[in-house]
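Report on the following structure.
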Amino acid sequence: MDDAQKVRTHKQQYIDVGAASKKEAEDLGVEVGDSIVWHPYFDKLTESRFSSKAFDDRAGCACLIKVLEELNADDFAGEIVGAFTVQEEVGLRGARVVSHQTDADVAIALDTTAVSDTPEEMMDRTLALGAGTGIKIMDFSLISNRKVREQLQLLAKEQNIPYQLEVFPGIGTDAGELSLAGKGIPTGVLSIPSRYAHSPNEVIDINDFQATKDLLKVFILHMKKAEEYKFKI
């Protein structure tokens, strides 16, 4: 659209279900408060790149599941709590509940992050699809714990896991809420790069997904004692 001021806000948008009246819509079973989703599909674009709805954050959920499947309880000492949160986009609400129910020593949030490698004018190419997992430095909700971040970077280098550093002040993640819980949880973030977030055609590269999964697993297997991540006053 030539005039950006004419783009409708979410309050002005509507869904045409084919009804000619309110009563007809109600007869179809449409009620106030009903949830809607993009029509599900999964498309293989190339050998490594895939398009679908809601990779943000189904990709993060799948990554966590894969790590839990691959870990052997004999490989590490301690307890892992995997949380699949809700309502992150409207205020990190699920993460807040999780933070009140757990007393974690360290937290790693898994999310997607928007890349900047497409031809649009505002893209600065600081993050790219296929360049590896994103190790977050900061965003609107969080400045990552330095000790956690540095260990993630060190492990990525030692294990030859491709990564890119993420500075993205325009977004937030569940990590922001976790980092403020209790006396403060040392928190980091691993991000799966994606294109076209919050659309029916999000795109990810399976190699970035693999790198994210590998680095999370390695981090768990090389966890330090809890006190080594914390800053004491």
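Key figures
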quantity	calculated
Protection proxy ranking of 184-195, 107-118, 34-45 - average other beta-carbon atoms within 10 Å, highest first	184-195, 107-118, 34-45
Only Lys, Arg (+1) and Asp, Glu (-1) charged, at Cβ; the chain dipole about Cα centre in debye	640
Set of aspartates and glutamates near K183 by C-alpha distance (under 16 Å), chain-local residues within fewer than 8 positions excluded	D103, D105, E227, E228
Positive minus negative residues near P186 (Lys, Arg vs Asp, Glu; Cβ under 11 Å)	+3
Solvent exposure of the stretch 74-164 as accessible area per residue, Å², 1.4 Å probe	59
Net charge, E177 excluded, C-beta distance under 11 Å - Lys, Arg +1, Asp, Glu -1	0
Residue-span extension gain [Y41 to E89] - 0.36 nm each, minus C-alpha spacing	15.1 nm
Dipole-positive endmost among L68, I15, S194 within the chain (Cβ charges, Cα centre)	L68
Value at 222 nm in deg cm²/dmol, rounded to 500, when DSSP H runs of n ≥ 4 in the chain each add -39,500 (n - 2.57)	-8500 deg cm²/dmol
The chain: relative contact order in percent, alpha carbon pairs under 8 Å with at least 6 residues between	26
Sulfur and carbon atoms: percent of accessible area, the chain [1.4 Å]	53
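The values are calculated or read from the model by the stated rules, or taken from the named source; none is laboratory data. If you're wondering where the values come from, they're calculated on a predicted model, not measured in any experiment. Please note: Cβ atoms are built from the backbone with ideal geometry, for glycine as well, and neighbour counts cover all protein chains shown. With ligands, DNA and RNA removed, areas are computed over all heavy atoms of the protein, side chains included. Shrake-Rupley method; radii C 1.70, N 1.55, O 1.52, S 1.80 Å.
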